[in-house]
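Participant: This is the structure I want to talk about, given as structure tokens.
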Amino acid sequence: MSLLFTPFTFDAPSGPLTLPNRIVVAPMCQYSADNGQATDWHLAHWSQLLNSGAGMFTIEATAVSAVGRISPGCLGLWDDATEAALADNLHRARRLAPAVPVCIQLGHAGRKASSAAPWHGGMLIAPEDGGWQPVAPSALPHLPQEAAPTELSLADIAQIKADFVNSARRSHALGIEAVELHAAHGYLLHQFLSPLSNQRTDQYGGSFENRIRFPLEVFQAVREAFGGTLGMRISGTDWVDGGWTIDETVELSVQLKKAGAQFVHISSGGVSPLQKIPVGPEYQVPLAKAVKERSGLTTFAVGLITDAAQAEGVLQRGDADLVALARSFLYNPRWAWKAAAELQGEVTASSPYWRCLPREAQAIFGTVRIGMR
């Protein structure tokens, strides 16, 4: 039997959340919001991915404050206007698709905020050109040629923690079943974790215990406010000597498990331009394997897992509990359908699609038969 198409259940304080399979659509920034508000683009994008056959769909990195956006086009959930726009588009998208659990990734960009969209170069936008002043654990720019961010005060840190709680509560009000806190890819929580970006001398910098303090405080505060499935995305390594390491990721995962996490989602890199990433098929899977084996916390693997046999192999070897894919779903929103046909699994889909399958793949919809009225 295919492990990829077996159910998986998270045990959260508010009750269990069961996914019909172990495929997760990873969060993917679309840079298509209007002042943080979801748009028609999100309606079309979400309705497609909710019909993908994946066991859970994750909404892109969603900023907990306006200054926490990566770019002016990034999605947000910090006030009534952003909540209303997200609610309208998400609820309409969910009506156009089967019942699929939804996760939202909540984050703050830190010193990577106020950046142009990738197709516009991705560089920082100066305040006089429509950007804003980024903030960070330390006044260290991401790139040497960039202006330095403002170092966060203790009051600022407390406010950002409150911002995460506010967004988590709004997520619950929207009926979103899971929250993933973004502590990867060089954004704010990752900036606190890494000694490359965190050179504070107070209780939030220096030792490992101090560098994980703020991400753990955010997690604990959100855990108290959100009873659903809760986890964190972590860069397993900075891929830079002297940076954040896999051993530290394992220990953070142990601490998250004690604090009530249901999962960790293991990616890598993003905090330094000096990173040297050995990109190749499944290049991040060994990081996920180390976390799963040494922490015992449910683990997502992600990164250049592009076909069904790869995904199945990751699970069969016990390297991870679930597999997340991103760009593969942009290229082929029906990736999970094809995987189900190859692995003799089953998926759900909206009834207007039931008659689209080639004859050799008709079994993937279970009792639904091609040509039925």
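Read-outs: derived from the displayed coordinates by stated rules, not from any lab. These numbers were taken from a predicted model, which means no experiment stands behind them. Every residue, glycine as well, gets a Cβ built from its backbone with ideal geometry; the counts of neighbours run over all protein chains shown.
Participant: I want to make sure I understand the PRE zone here: with the label point 7 angstrom from the Cα of V279 toward its beta carbon, which residues in region 320-359 have backbone N atoms less than 12 Å away?
Facilitator: From region 320-359, the list is empty.
Participant: With a sphere of radius 13 Å drawn around the Cβ of G76, what net charge do the other residues whose Cβ falls strictly inside it have (Lys, Arg +1; Asp, Glu -1)?
Facilitator: Counting the neighbours of G76, the net charge comes to -4.
Participant: With θ set to phi - 60°, apply the Karplus curve 6.51 cos²θ - 1.76 cosθ + 1.60 along region 131-137 and write out the HN-Hα couplings as whole Hz, x wherever there is a Gly or Pro.
Facilitator: Rounded to whole hertz, the list is x, 8, 7, x, 10, 6, x.
Participant: Which residue fluctuates most in the GNM of the chain (Cα springs below 10 Å): L189, L154, L230?
Facilitator: With Cα springs under 10 Å in the chain, the top fluctuation among L189, L154, L230 is at L154.
Participant: Based on the alpha-carbon gyration tensor of region 195-288 and its eigenvalue square roots a ≥ b ≥ c, which shape applies: rounded if a/c is under 1.5, prolate if not and a/b is larger than b/c, or oblate?
Facilitator: In terms of gyration-tensor shape, oblate.
Participant: Still on this model: For each of T229, T298, count neighbouring Cβ atoms within 10 Å of the residue's Cβ, then give the residues from fewest to most.
Facilitator: T298, T229
Participant: Say each of D129 and E293 gets a label point 7 Å from the Cα, pointing the same way as Cα to Cβ; how far apart are those two points in nm?
Facilitator: With each label placed 7 Å out from Cα toward Cβ, I get 4.7 nm.
Participant: Which one, I160, I104, I234, has the greatest fluctuation when you compute a Gaussian network model over the chain with C-alpha springs under 10 angstrom?
Facilitator: Top of the fluctuation ranking is I160.
Participant: Taking every DSSP beta bridge with both residues inside region 8-345, roughly what % is antiparallel (nearest 5)?
Facilitator: Just about 15 percent of them are antiparallel.
Participant: Extending each Cα 7 Å along its Cβ direction at R169 and S351, get the distance between those two points in nm, one decimal.
Facilitator: The modelled label-to-label distance comes out at 4.1 nm.
Participant: Report the paramagnetic label zone for Q316: residues of region 1-24 whose backbone N is under 11 Å from a point 7 Å from Cα along the Cα-to-Cβ axis.
Facilitator: Answer for this model: 1-4.
Participant: Taking amide H positions as placed 1.01 Å from N in the peptide plane, with prolines and chain starts having none, which residues 5 or more places from H265, or on another chain, fall under 5 Å of its amide H?
Facilitator: M232, R233, I234, F300
Participant: Quick one: which residues, 5+ away or cross-chain, put their amide H under 5 Å from the amide H of V179? H built at 1.01 Å from N.
Facilitator: Those lying under 5 Å, H to H, from V179 are I104, T229, L230, G231.
Participant: List every residue whose amide H lies under 5 Å from the amide H of T62, counting only residues 5 or more places away in sequence or on a different chain, with H placed 1.01 Å from N in the peptide plane.
Facilitator: Distant-sequence amide H within range of T62: Q105, L106, G107.
Participant: Another question, then. Can you compute 3J(HN,Hα) from phi for each residue in region 261-267, using the Karplus curve 6.51 cos²θ - 1.76 cosθ + 1.60 with θ = phi - 60°, rounded to whole Hz and x for Gly and Pro?
Facilitator: Rounded to whole hertz, the list is 6, 8, 6, 10, 10, 9, 10.
Participant: With springs only between Cα atoms under 10 Å apart, run a GNM on the chain and tell me which of T62, T150, T237 wobbles the most.
Facilitator: T150
Participant: If you don't mind, there's one more thing I want to ask. Taking θ = phi - 60°, what integer Hz values does the Karplus form 6.51 cos²θ - 1.76 cosθ + 1.60 yield along region 273-280, in sequence order, with x for Gly and Pro?
Facilitator: x, 7, 4, 10, 9, x, 5, x
Participant: Could you list the residues of region 297-314 with an amide nitrogen less than 19 Å from a label point located 7 Å from the Cα of T6 in the Cα-to-C-beta direction?
Facilitator: Answer for region 297-314: 297-301, 308-314.
Participant: Using the count of nearby Cβ atoms within 10 Å as a rough guide to exposure, how do E282, E224 rank from fewest to most?
Facilitator: E224, E282
Participant: Separate question: Rank these for me by crowding, K289, K276, going from fewest to most other beta carbons within 10 Å.
Facilitator: K276, K289
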